[in-house]
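Written out below as structure tokens is the structure these notes cover.
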Amino acid sequence: MLTVRGLSKIYGDRTDTAAGGVREFSFELPPGTFFTLLGPSGCGKTTTLRCIAGLERPDTGHIAIGDTVLHDSIAGHSVPLNRRGIGMVFQSYAIWPHMTVFENIAFPLRVSKDHRYAREDISRMVADALQTVGLAGYGDRPATRLSGGQQQRVALARAIVHKPRLLLLDEPLSNLDAALREEMRIELRRLQQQIGLTTVYVTHDQSEALAMSDQIAVMELGRVAQMGDPRTIYFRPASEFVASFIGAANLLRGTALAPAAAGASGSVHLDNGVIVTCLFARAATAGQEVTLSLRPESVALSPVSDRPGPGLNSLEGTVTAESFLGGSARYDVVTGGRLLRVSVPSEIAIAIGAAVRLTFPRDAAVVVG
């Protein structure tokens, strides 16, 4: 549905040195995919979105929707923004306060240069869009009398009213409070699945990306650090950056005991003296210093007297702190002079100072660096 190949757009700083932007980004999306560009500020995610939209002209690259080429730097071909058939929602929503809800949503139909819509068609299409986003009957309401969530829905209705081939969303939930953001996250994903519209979503919120996406591209300094489905990104991070940026991760240092190929299991001698078996996301040689990523929820806690089950790594430690989080509890455990954070069900209660055994599956610890 959407093809991007070799996309680069690099900005210079005051000394004319290459600075922000995106470098050599390529991906293909099947129809109906919810694809998220995730990363910290300045990593290139919004630049990528703006290049797809036609708001920025790439330095190099090829962008196409289906068989329609939107941009090709080699051929010198670029379709203008208003002829790309793309719907867009931005962080600010850009709801015009002097217009009604109906007029806000009808605006792209009235100014369209590709098609002239009859008044009856506009009324029908706006009504359909309002129905889709759950705002049926709001057409005559002044835009100034909308809540934040309603403004977000109006912006989405305006983006889909002309039935675009692609929807681009640039941090559309960042201005909402936490409770409303959670509600709209679920609603937005439901609407996207209902419409079946291919969507590219930009955010720096990791939980948002994990909850909503079919595919995620984690970006770092203009390049893709890892691309995959949410579970793979979370449980099989490809680098130390991805492991630490997505959720919480315990990062353990050690040395590979033997050569290991990428994707294979191997043993690592941790710097606290314990040997663990883990999964290697990248190849390593014998004696090479490596970094392991271990998610807090992958670790189980039990009394130190318990014997570890077969196939499990085992460490011993002492509980130093506890945080009750409602559905879960987080414990800080010192093992071999190193602090590990462990997340367990909230009904498990362990006293501060208790000696505990930490166990985790062999493939739960991943060598990421």
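The values are calculated or read from the model by the stated rules, or taken from the named source; none is laboratory data. Fair warning: this is a prediction, and the values are worked out from it, not measured in the lab. Virtual Cβ from ideal backbone geometry, glycine too; neighbours counted across all protein chains shown. Ligands, DNA and RNA are excluded from the accessible area calculation, which covers all protein heavy atoms including side chains. Shrake-Rupley method; radii C 1.70, N 1.55, O 1.52, S 1.80 Å.
Just to verify a number: FRET efficiency for residue 223 and residue 69, C-beta to C-beta distance, R0 = 35 Å, to 0.05?
Details: r = 24 Å, r/R0 = 0.69.
Approximately 0.90, to the nearest 0.05.
How would you classify the stretch 141-187 from its alpha-carbon gyration tensor, with a ≥ b ≥ c the square roots of the eigenvalues: rounded for a/c under 1.5, else prolate if a/b is greater than b/c, otherwise oblate?
On the way: a/c = 2.36, a/b = 1.23, b/c = 1.91.
Here the stretch 141-187 falls in the oblate category.
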Those residues of the stretch 88-114 whose amide nitrogen sits under 11 Å from the label point placed on residue 144, 7 Å along Cα→Cβ: 97-99
Among 334, 268, 111: highest mean-square fluctuation, GNM of the chain, C-alpha pairs under 10 Å: 111
Using Stokes-Einstein with the Kirkwood hydrodynamic radius over Cα pairs, what translational diffusion coefficient do you get for the stretch 19-97 at 4 °C and a viscosity of 1.567 mPa s, in µm²/s rounded to a whole number? 92
Packing rank of 188-195, 90-97, where each peptide gets the mean count of other beta carbons within 10 Å, highest leading: 188-195, 90-97
FRET efficiency for residue 182 and residue 112, using Cβ-Cβ distance with R0 set to 51 Å, rounded to 0.05: 0.90
Can you tell me how the stretch 71-230 classifies by the Cα gyration tensor, rounded, prolate or oblate, using a/c under 1.5 as the rounded cut? oblate
R0 = 41 Å: FRET efficiency of residue 103 with residue 1, Cβ-based, nearest 0.05? 0.85
Starting from the Cα-Cα distance between residue 232 and residue 195, subtract it from 0.36 nm times their residue separation and give me the gain in nm to one decimal. 10.7 nm
Apply the Debye scattering formula to the stretch 150-213, with a single equal point scatterer on each alpha-carbon and no solvent, then give log10 I(q)/I(0) at q = 0.14, 0.15 Å⁻¹. -0.37, -0.43
For the stretch 30-158, one quarter of the surface area of the C-alpha convex hull, expressed in nm², comes to 9.7
Once both label points are put 7 Å beyond Cα along the C-beta direction, the residue 325-residue 91 separation in nm becomes 2.6
Taking a ≥ b ≥ c as the square roots of the eigenvalues of the Cα gyration tensor of the stretch 215-369, is the shape rounded (a/c under 1.5), prolate (a/b larger than b/c) or oblate? oblate
Using a 1.4 angstrom probe, figure out how much accessible area the stretch 1-140 has per residue, in square angstrom, rounded to the nearest whole. 51
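Taking all protein chains as present, what is the carbon and sulfur share of the accessible area of the stretch 175-311, in % to the nearest whole number, probe 1.4 Å? Mind showing how you got there, number by number?
Working: 3300 of 6240 Å².
So the carbon and sulfur contribution to the accessible surface is 53 percent.
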Rounded to whole angstroms and listed largest first, the alpha-carbon spread of the chain along its three principal axes comes to 77, 49, 39
